[in-house]
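Structure first, commentary second.
The values are calculated or read from the model by the stated rules, or taken from the named source; none is laboratory data. Keep in mind it's a predicted model, so treat the numbers as computed, not measured. Positions of Cβ are backbone-derived with ideal geometry, glycine not excepted, and every protein chain shown enters the neighbour counts.
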DNA sequence: CCGAATTATTTTAAGATTAAAATATGATGC
DNA sequence: GCATCATATTTTAATCTTAAAATAATTCGG
(Lines give C-alpha, C1' and ligand atoms only; values in the text may rest on other atoms or scores of the structure.)
Protein backbone atom coordinates (compact mmCIF):
# COMPACT_ATOMS: atom_id res chain seq x y z
CA UNK A 1 0.00 0.00 0.00
CA UNK A 2 1.36 3.41 -0.93
CA UNK A 3 1.82 5.98 1.79
CA UNK A 4 -0.98 8.46 1.64
CA UNK A 5 0.06 10.67 4.49
CA UNK A 6 3.34 11.69 3.02
CA UNK A 7 5.02 10.26 6.09
CA UNK A 8 7.23 7.28 5.67
CA UNK A 9 9.51 5.30 7.93
CA UNK A 10 12.75 7.17 8.40
CA UNK A 11 15.94 5.20 8.12
CA UNK A 12 19.37 6.24 9.34
CA UNK A 13 20.29 7.02 5.75
CA UNK A 14 17.82 9.90 5.77
CA UNK A 15 19.54 11.44 8.74
CA UNK A 16 22.70 13.52 8.56
CA UNK A 17 25.03 12.17 11.21
CA UNK A 18 25.85 14.12 14.30
CA UNK A 19 22.59 16.02 14.65
CA UNK A 20 20.53 15.69 17.82
CA UNK A 21 17.51 17.23 16.16
CA UNK A 22 17.48 14.50 13.59
CA UNK A 23 17.75 11.80 16.20
CA UNK A 24 14.64 13.17 17.83
CA UNK A 25 12.93 13.35 14.48
CA UNK A 26 13.41 9.65 14.07
CA UNK A 27 11.47 9.07 17.25
CA UNK A 28 8.88 11.71 16.49
CA UNK A 29 8.21 10.42 13.00
CA UNK A 30 8.54 6.78 13.89
CA UNK A 31 6.11 4.94 11.64
CA UNK A 32 2.88 5.03 13.55
CA UNK A 33 0.97 1.89 14.19
CA UNK A 34 -1.55 2.02 11.39
CA UNK A 35 -3.74 -0.64 12.96
CA UNK A 36 -4.29 0.77 16.43
CA UNK A 37 -7.79 1.98 15.69
CA UNK A 38 -8.71 -1.19 13.86
CA UNK A 39 -7.64 -3.29 16.81
CA UNK A 40 -9.68 -1.19 19.20
CA UNK A 41 -12.73 -1.49 17.01
CA UNK A 42 -12.40 -5.26 16.69
CA UNK A 43 -11.99 -5.66 20.41
CA UNK A 44 -14.95 -3.43 21.13
CA UNK A 45 -17.00 -5.44 18.68
CA UNK A 46 -15.97 -8.72 20.24
CA UNK A 47 -16.97 -7.54 23.70
CA UNK A 48 -20.28 -6.23 22.43
CA UNK A 49 -20.99 -9.50 20.62
CA UNK A 50 -20.13 -11.59 23.64
CA UNK A 51 -22.39 -9.60 25.93
CA UNK A 52 -25.16 -9.38 23.39
CA UNK A 53 -25.31 -13.07 22.60
CA UNK A 54 -25.21 -13.93 26.28
CA UNK A 55 -28.05 -11.56 27.13
CA UNK A 56 -30.02 -12.69 24.11
CA UNK A 57 -29.72 -16.32 25.11
CA UNK A 58 -30.75 -15.75 28.70
CA UNK A 59 -33.69 -13.57 27.75
CA UNK A 60 -34.91 -16.29 25.44
CA UNK A 61 -34.35 -19.25 27.77
CA UNK A 62 -35.33 -17.68 31.07
CA UNK A 63 -38.04 -15.27 29.95
CA UNK A 64 -39.05 -16.15 26.38
CA UNK A 65 -38.13 -12.60 25.42
CA UNK A 66 -36.10 -11.31 22.48
CA UNK A 67 -33.42 -8.67 22.75
CA UNK A 68 -35.04 -6.10 20.42
CA UNK A 69 -38.27 -6.28 22.39
CA UNK A 70 -36.37 -5.92 25.64
CA UNK A 71 -34.48 -2.91 24.29
CA UNK A 72 -37.68 -1.25 23.17
CA UNK A 73 -39.34 -1.82 26.53
CA UNK A 74 -36.24 -0.49 28.28
CA UNK A 75 -36.61 2.81 26.51
CA UNK A 76 -40.30 3.08 27.33
CA UNK A 77 -39.76 2.09 30.96
CA UNK A 78 -38.01 5.37 31.61
CA UNK A 79 -40.74 7.39 29.93
CA UNK A 80 -44.05 6.82 31.68
CA UNK A 81 -45.76 9.19 29.26
CA UNK A 82 -44.54 7.21 26.28
CA UNK A 83 -42.44 8.16 23.29
CA UNK A 84 -43.04 8.99 19.68
CA UNK A 85 -41.85 6.41 17.22
CA UNK A 86 -39.25 8.77 15.81
CA UNK A 87 -37.78 9.47 19.25
CA UNK A 88 -37.79 5.78 19.99
CA UNK A 89 -35.95 5.05 16.78
CA UNK A 90 -33.32 7.67 17.56
CA UNK A 91 -32.74 6.35 21.06
CA UNK A 92 -32.60 2.76 19.95
CA UNK A 93 -30.42 3.66 16.98
CA UNK A 94 -32.50 1.57 14.61
CA UNK A 95 -34.29 2.60 11.46
CA UNK A 96 -37.74 4.03 11.62
CA UNK A 97 -39.47 1.37 9.61
CA UNK A 98 -38.04 -1.28 11.83
CA UNK A 99 -40.16 -0.21 14.76
CA UNK A 100 -43.54 -0.54 13.12
CA UNK A 101 -43.50 -4.33 13.13
CA UNK A 102 -41.62 -4.55 16.43
CA UNK A 103 -44.24 -2.42 18.14
CA UNK A 104 -46.98 -4.49 16.50
CA UNK A 105 -45.56 -7.62 18.06
CA UNK A 106 -45.27 -6.03 21.48
CA UNK A 107 -48.86 -4.83 21.22
CA UNK A 108 -49.89 -8.39 20.38
CA UNK A 109 -48.07 -9.47 23.55
CA UNK A 110 -50.00 -6.84 25.48
CA UNK A 111 -46.86 -5.08 26.68
CA UNK A 112 -47.19 -1.76 24.87
CA UNK A 113 -49.91 0.47 23.46
CA UNK A 114 -49.91 2.77 20.48
CA UNK A 115 -52.03 5.92 20.38
CA UNK A 116 -52.16 8.84 18.02
CA UNK A 117 -50.80 12.10 19.35
CA UNK A 118 -53.74 14.46 19.91
CA UNK A 119 -51.82 17.54 18.79
CA UNK A 120 -50.03 16.01 15.81
CA UNK A 121 -51.99 13.35 14.05
CA UNK A 122 -48.93 12.23 12.12
CA UNK A 123 -47.27 11.05 15.29
CA UNK A 124 -47.81 7.75 17.10
CA UNK A 125 -47.09 7.61 20.80
CA UNK A 126 -45.96 4.26 22.13
CA UNK A 127 -46.29 3.51 25.81
CA UNK A 128 -45.64 0.61 28.14
CA UNK A 129 -48.82 -0.99 29.48
CA UNK A 130 -49.23 -1.94 33.11
CA UNK A 131 -48.44 -5.54 32.21
CA UNK A 132 -45.41 -4.42 30.24
CA UNK A 133 -44.13 -2.33 33.13
CA UNK A 134 -44.54 -5.22 35.52
CA UNK A 135 -42.76 -7.72 33.29
CA UNK A 136 -40.00 -5.31 32.41
CA UNK A 137 -39.13 -4.49 36.00
CA UNK A 138 -38.44 -8.18 36.51
CA UNK A 139 -36.45 -8.46 33.30
CA UNK A 140 -34.42 -5.40 34.17
CA UNK A 141 -33.38 -6.79 37.50
CA UNK A 142 -32.25 -10.07 35.99
CA UNK A 143 -30.49 -8.18 33.21
CA UNK A 144 -28.46 -6.13 35.67
CA UNK A 145 -27.52 -9.27 37.52
CA UNK A 146 -26.26 -10.93 34.35
CA UNK A 147 -24.10 -7.94 33.55
CA UNK A 148 -22.64 -7.84 37.06
CA UNK A 149 -21.80 -11.52 36.78
CA UNK A 150 -20.29 -11.17 33.31
CA UNK A 151 -18.05 -8.31 34.40
CA UNK A 152 -17.22 -9.93 37.70
CA UNK A 153 -13.49 -10.10 37.05
CA UNK A 154 -13.22 -6.32 36.79
CA UNK A 155 -12.86 -4.06 39.78
CA UNK A 156 -15.27 -1.16 40.28
CA UNK A 157 -12.41 1.18 39.48
CA UNK A 158 -11.66 -0.58 36.23
CA UNK A 159 -15.29 -0.48 35.25
CA UNK A 160 -15.55 3.20 35.97
CA UNK A 161 -12.36 4.00 34.13
CA UNK A 162 -13.50 2.02 31.12
CA UNK A 163 -16.84 3.81 31.19
CA UNK A 164 -15.03 7.14 31.25
CA UNK A 165 -12.75 6.27 28.35
CA UNK A 166 -15.68 5.07 26.31
CA UNK A 167 -17.39 8.38 26.93
CA UNK A 168 -14.41 10.03 25.31
CA UNK A 169 -14.57 7.62 22.40
CA UNK A 170 -18.27 8.28 22.04
CA UNK A 171 -17.66 12.01 21.85
CA UNK A 172 -15.06 11.50 19.14
CA UNK A 173 -17.38 9.26 17.15
CA UNK A 174 -20.23 11.72 17.30
CA UNK A 175 -17.94 14.62 16.49
CA UNK A 176 -16.20 12.93 13.59
CA UNK A 177 -18.94 11.04 11.86
CA UNK A 178 -20.22 12.49 8.63
CA UNK A 179 -23.32 14.64 9.16
CA UNK B 1 -36.64 -4.65 44.74
CA UNK B 2 -35.58 -7.01 47.51
CA UNK B 3 -31.89 -7.37 48.28
CA UNK B 4 -30.64 -10.61 46.88
CA UNK B 5 -27.05 -10.32 47.94
CA UNK B 6 -27.75 -10.23 51.62
CA UNK B 7 -25.99 -6.89 51.73
CA UNK B 8 -28.00 -3.85 52.59
CA UNK B 9 -27.26 -0.22 53.21
CA UNK B 10 -25.93 0.22 56.71
CA UNK B 11 -27.35 3.03 58.73
CA UNK B 12 -25.89 4.56 61.83
CA UNK B 13 -28.44 2.65 63.86
CA UNK B 14 -26.72 -0.60 62.92
CA UNK B 15 -23.47 0.59 64.33
CA UNK B 16 -22.58 0.53 68.03
CA UNK B 17 -21.11 3.90 68.85
CA UNK B 18 -17.47 4.38 69.63
CA UNK B 19 -16.09 1.59 67.48
CA UNK B 20 -13.61 2.35 64.73
CA UNK B 21 -14.09 -1.02 63.13
CA UNK B 22 -17.72 -0.29 62.63
CA UNK B 23 -16.99 3.05 61.07
CA UNK B 24 -14.81 1.34 58.53
CA UNK B 25 -17.49 -1.24 57.94
CA UNK B 26 -19.84 1.52 56.91
CA UNK B 27 -17.44 2.55 54.22
CA UNK B 28 -16.59 -1.00 53.23
CA UNK B 29 -20.20 -2.06 52.95
CA UNK B 30 -21.41 1.21 51.52
CA UNK B 31 -24.23 0.35 49.17
CA UNK B 32 -22.43 -0.34 45.93
CA UNK B 33 -23.49 1.30 42.76
CA UNK B 34 -25.75 -1.36 41.34
CA UNK B 35 -25.76 0.17 37.90
CA UNK B 36 -22.08 0.47 37.16
CA UNK B 37 -22.01 -2.57 34.92
CA UNK B 38 -25.22 -1.59 33.18
CA UNK B 39 -23.82 1.83 32.38
CA UNK B 40 -20.65 0.33 30.97
CA UNK B 41 -22.64 -2.02 28.78
CA UNK B 42 -24.87 0.73 27.46
CA UNK B 43 -21.92 2.93 26.65
CA UNK B 44 -20.10 0.09 24.94
CA UNK B 45 -23.20 -0.64 22.91
CA UNK B 46 -23.59 2.98 21.91
CA UNK B 47 -20.01 3.17 20.68
CA UNK B 48 -20.36 -0.10 18.79
CA UNK B 49 -23.60 1.08 17.18
CA UNK B 50 -22.12 4.41 16.18
CA UNK B 51 -19.11 2.83 14.54
CA UNK B 52 -21.11 0.07 12.94
CA UNK B 53 -23.70 2.32 11.35
CA UNK B 54 -21.01 4.65 10.07
CA UNK B 55 -19.02 1.82 8.51
CA UNK B 56 -22.15 0.24 7.11
CA UNK B 57 -23.18 3.49 5.47
CA UNK B 58 -19.81 4.15 3.90
CA UNK B 59 -19.44 0.62 2.63
CA UNK B 60 -22.80 0.92 0.96
CA UNK B 61 -22.36 4.39 -0.50
CA UNK B 62 -18.71 4.23 -1.50
CA UNK B 63 -18.40 0.57 -2.44
CA UNK B 64 -21.88 -0.94 -2.76
CA UNK B 65 -20.86 -3.47 -0.12
CA UNK B 66 -22.72 -4.66 2.96
CA UNK B 67 -21.16 -5.06 6.38
CA UNK B 68 -21.80 -8.81 6.75
CA UNK B 69 -20.16 -9.47 3.41
CA UNK B 70 -17.23 -7.29 4.35
CA UNK B 71 -16.84 -9.10 7.66
CA UNK B 72 -16.88 -12.47 5.97
CA UNK B 73 -14.28 -11.42 3.43
CA UNK B 74 -12.15 -9.97 6.21
CA UNK B 75 -11.95 -13.37 7.85
CA UNK B 76 -11.05 -15.10 4.61
CA UNK B 77 -8.49 -12.47 3.68
CA UNK B 78 -6.24 -13.63 6.48
CA UNK B 79 -6.59 -17.29 5.51
CA UNK B 80 -5.34 -17.81 1.97
CA UNK B 81 -6.15 -21.52 2.21
CA UNK B 82 -9.74 -20.78 3.14
CA UNK B 83 -11.86 -21.72 6.13
CA UNK B 84 -14.49 -24.25 6.94
CA UNK B 85 -17.95 -22.86 7.39
CA UNK B 86 -17.98 -23.86 11.05
CA UNK B 87 -14.69 -22.07 11.73
CA UNK B 88 -15.97 -19.06 9.87
CA UNK B 89 -19.14 -19.01 11.94
CA UNK B 90 -17.12 -19.19 15.18
CA UNK B 91 -14.82 -16.36 14.15
CA UNK B 92 -17.64 -14.17 12.94
CA UNK B 93 -19.74 -15.03 15.97
CA UNK B 94 -22.81 -15.65 13.89
CA UNK B 95 -24.96 -18.73 13.65
CA UNK B 96 -24.01 -21.50 11.32
CA UNK B 97 -27.10 -21.41 9.17
CA UNK B 98 -26.59 -17.72 8.60
CA UNK B 99 -23.52 -18.29 6.50
CA UNK B 100 -25.06 -20.56 3.88
CA UNK B 101 -26.99 -17.79 2.19
CA UNK B 102 -24.32 -15.17 2.83
CA UNK B 103 -21.70 -17.31 1.12
CA UNK B 104 -24.13 -17.97 -1.73
CA UNK B 105 -24.44 -14.27 -2.34
CA UNK B 106 -20.71 -13.72 -2.24
CA UNK B 107 -20.25 -16.58 -4.69
CA UNK B 108 -22.79 -14.91 -6.98
CA UNK B 109 -20.66 -11.76 -6.71
CA UNK B 110 -17.61 -13.79 -7.68
CA UNK B 111 -15.73 -12.89 -4.52
CA UNK B 112 -15.55 -16.28 -2.82
CA UNK B 113 -15.55 -19.94 -3.77
CA UNK B 114 -16.90 -22.98 -1.95
CA UNK B 115 -15.32 -26.41 -2.31
CA UNK B 116 -15.82 -29.68 -0.49
CA UNK B 117 -13.01 -30.72 1.81
CA UNK B 118 -11.25 -33.71 0.24
CA UNK B 119 -10.65 -35.42 3.59
CA UNK B 120 -14.01 -34.72 5.19
CA UNK B 121 -16.84 -34.63 2.74
CA UNK B 122 -19.17 -33.09 5.33
CA UNK B 123 -17.12 -29.93 5.39
CA UNK B 124 -17.26 -27.01 2.98
CA UNK B 125 -14.19 -24.86 2.56
CA UNK B 126 -14.79 -21.25 1.66
CA UNK B 127 -12.03 -19.20 0.09
CA UNK B 128 -11.55 -15.73 -1.27
CA UNK B 129 -11.18 -15.63 -5.05
CA UNK B 130 -8.56 -13.51 -6.78
CA UNK B 131 -11.21 -10.89 -7.49
CA UNK B 132 -12.37 -11.03 -3.88
CA UNK B 133 -8.84 -10.56 -2.60
CA UNK B 134 -8.28 -7.61 -4.87
CA UNK B 135 -11.52 -5.89 -3.90
CA UNK B 136 -11.07 -6.58 -0.23
CA UNK B 137 -7.59 -5.11 -0.06
CA UNK B 138 -9.07 -1.83 -1.26
CA UNK B 139 -12.00 -2.04 1.14
CA UNK B 140 -9.70 -2.80 4.04
CA UNK B 141 -7.59 0.25 3.42
CA UNK B 142 -10.62 2.53 3.29
CA UNK B 143 -12.02 0.84 6.37
CA UNK B 144 -8.89 1.53 8.39
CA UNK B 145 -8.96 5.12 7.29
CA UNK B 146 -12.54 5.56 8.43
CA UNK B 147 -11.70 4.16 11.83
CA UNK B 148 -8.69 6.43 12.21
CA UNK B 149 -10.85 9.41 11.34
CA UNK B 150 -13.66 8.39 13.69
CA UNK B 151 -11.28 7.98 16.61
CA UNK B 152 -9.31 11.06 15.72
CA UNK B 153 -10.03 12.84 19.00
CA UNK B 154 -8.29 10.14 21.01
CA UNK B 155 -4.56 10.05 21.56
CA UNK B 156 -2.60 6.92 20.68
CA UNK B 157 -2.09 6.35 24.39
CA UNK B 158 -5.80 6.56 25.08
CA UNK B 159 -6.52 4.14 22.29
CA UNK B 160 -4.00 1.66 23.54
CA UNK B 161 -5.20 1.93 27.10
CA UNK B 162 -8.77 1.41 26.01
CA UNK B 163 -7.72 -1.59 23.96
CA UNK B 164 -5.97 -3.03 27.01
CA UNK B 165 -8.92 -2.52 29.30
CA UNK B 166 -11.25 -4.10 26.80
CA UNK B 167 -8.96 -7.12 26.67
CA UNK B 168 -9.53 -7.49 30.38
CA UNK B 169 -13.27 -7.16 29.91
CA UNK B 170 -13.16 -9.72 27.13
CA UNK B 171 -11.38 -12.19 29.41
CA UNK B 172 -14.00 -11.69 32.10
CA UNK B 173 -16.84 -12.17 29.63
CA UNK B 174 -15.39 -15.39 28.27
CA UNK B 175 -14.59 -16.63 31.73
CA UNK B 176 -17.96 -15.82 33.24
CA UNK B 177 -20.39 -16.67 30.49
CA UNK B 178 -22.35 -19.82 30.90
CA UNK B 179 -20.71 -22.78 29.14
C1' DC C 1 -18.48 -54.50 10.08
C1' DC C 2 -22.38 -52.12 12.40
C1' DG C 3 -25.08 -49.24 15.13
C1' DA C 4 -24.83 -45.13 17.91
C1' DA C 5 -23.12 -40.91 18.85
C1' DT C 6 -20.88 -36.93 16.94
C1' DT C 7 -19.90 -33.39 13.67
C1' DA C 8 -20.81 -30.26 9.52
C1' DT C 9 -23.90 -28.17 6.88
C1' DT C 10 -28.42 -26.93 5.04
C1' DT C 11 -33.17 -26.00 5.47
C1' DT C 12 -37.00 -23.89 7.64
C1' DA C 13 -39.83 -20.54 9.99
C1' DA C 14 -40.00 -16.51 12.39
C1' DG C 15 -38.24 -12.31 13.36
C1' DA C 16 -35.24 -8.20 12.77
C1' DT C 17 -33.02 -4.80 9.95
C1' DT C 18 -32.10 -1.51 6.45
C1' DA C 19 -32.86 1.84 2.70
C1' DA C 20 -35.94 3.74 -0.20
C1' DA C 21 -40.47 4.81 -1.77
C1' DA C 22 -45.10 5.88 -0.53
C1' DT C 23 -48.58 7.99 2.36
C1' DA C 24 -50.40 11.25 5.49
C1' DT C 25 -50.27 15.29 8.19
C1' DG C 26 -48.49 19.70 9.58
C1' DA C 27 -46.21 24.30 8.93
C1' DT C 28 -44.94 28.30 6.25
C1' DG C 29 -44.78 31.97 2.90
C1' DC C 30 -47.25 34.50 -0.06
C1' DG D 1 -56.53 29.74 0.89
C1' DC D 2 -53.03 27.21 -1.27
C1' DA D 3 -48.77 25.51 -2.99
C1' DT D 4 -44.71 23.90 -1.15
C1' DC D 5 -41.74 22.07 1.85
C1' DA D 6 -40.95 19.50 5.98
C1' DT D 7 -42.03 15.89 9.26
C1' DA D 8 -43.90 11.23 10.96
C1' DT D 9 -44.98 6.93 9.93
C1' DT D 10 -45.85 2.88 7.06
C1' DT D 11 -44.91 -0.06 3.33
C1' DT D 12 -41.90 -2.67 0.41
C1' DA D 13 -38.10 -5.52 -1.13
C1' DA D 14 -33.98 -7.36 -0.02
C1' DT D 15 -30.88 -8.94 3.24
C1' DC D 16 -29.53 -10.67 7.59
C1' DT D 17 -30.15 -13.36 11.73
C1' DT D 18 -31.37 -16.86 14.90
C1' DA D 19 -32.87 -21.35 16.76
C1' DA D 20 -34.35 -25.64 15.76
C1' DA D 21 -35.05 -29.49 12.79
C1' DA D 22 -33.37 -32.14 9.02
C1' DT D 23 -29.76 -34.16 6.24
C1' DA D 24 -25.34 -36.09 5.39
C1' DA D 25 -20.84 -37.81 6.60
C1' DT D 26 -17.54 -39.35 10.00
C1' DT D 27 -15.91 -41.68 14.16
C1' DC D 28 -15.84 -45.03 17.49
C1' DG D 29 -16.91 -48.92 20.56
C1' DG D 30 -17.64 -53.45 20.42
Residue tally, condition within 13 Å of DNA strand C (Cβ to nearest atom), free of Cβ contacts under 8 Å to residues at least 60 places away in the same chain and in a helix (DSSP H, G or I), over the stretch B:59-74: 5
May I ask you to verify whether residue B:171 is assigned to a helix (DSSP H, G or I) and loosely packed, with under 15 Cβ neighbours inside 10 Å? yes
Return the residues of the stretch B:153-173 that are more than 7 Å from chain A (Cβ to nearest Cβ) and closer than 30 Å to residue A:57 by Cα; say none if nothing qualifies. B:164
Do we find that residue B:89 is under 20 Å from residue A:42 (Cβ atoms) and within 16 Å of DNA strand C (Cβ to nearest atom) in this structure? yes
Which numbered condition residue B:34 fails, given (1) modelled with pLDDT of 95 or more; (2) within 14 Å of another protein chain (Cβ to nearest Cβ); (3) more than 12 Å from DNA strand D (Cβ to nearest atom): (1)
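Table: residues versus (1) on the phi > 0 side of the Ramachandran plot; (2) away from chain B (no Cβ under 14 Å); (3) modelled with pLDDT of 95 or more; (4) within 16 Å of DNA strand D (Cβ to nearest atom).
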| position | (1), (2), (3), (4) |
| --- | --- |
| A:78 | no, no, yes, no |
| A:100 | no, yes, yes, yes |
| A:107 | no, yes, yes, yes |
| A:132 | no, yes, yes, no |
| A:151 | no, no, yes, no |
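Kindly establish whether residue B:100 is in a strand (DSSP E or B), without any contact (Cβ under 8 Å) to a residue 40 or more places away in the chain and either surrounded by fewer than 15 Cβ atoms within 10 Å (Cβ to Cβ) or touching a helix residue (DSSP H, G or I) at 6+ places or on another chain (Cβ under 6 Å) (or both).
Details: in a strand (DSSP E or B): no; without any contact (Cβ under 8 Å) to a residue 40 or more places away in the chain: yes; either surrounded by fewer than 15 Cβ atoms within 10 Å (Cβ to Cβ) or touching a helix residue (DSSP H, G or I) at 6+ places or on another chain (Cβ under 6 Å) (or both): yes.
Against the criterion (in a strand (DSSP E or B), without any contact (Cβ under 8 Å) to a residue 40 or more places away in the chain and either surrounded by fewer than 15 Cβ atoms within 10 Å (Cβ to Cβ) or touching a helix residue (DSSP H, G or I) at 6+ places or on another chain (Cβ under 6 Å) (or both)), residue B:100 does not qualify.
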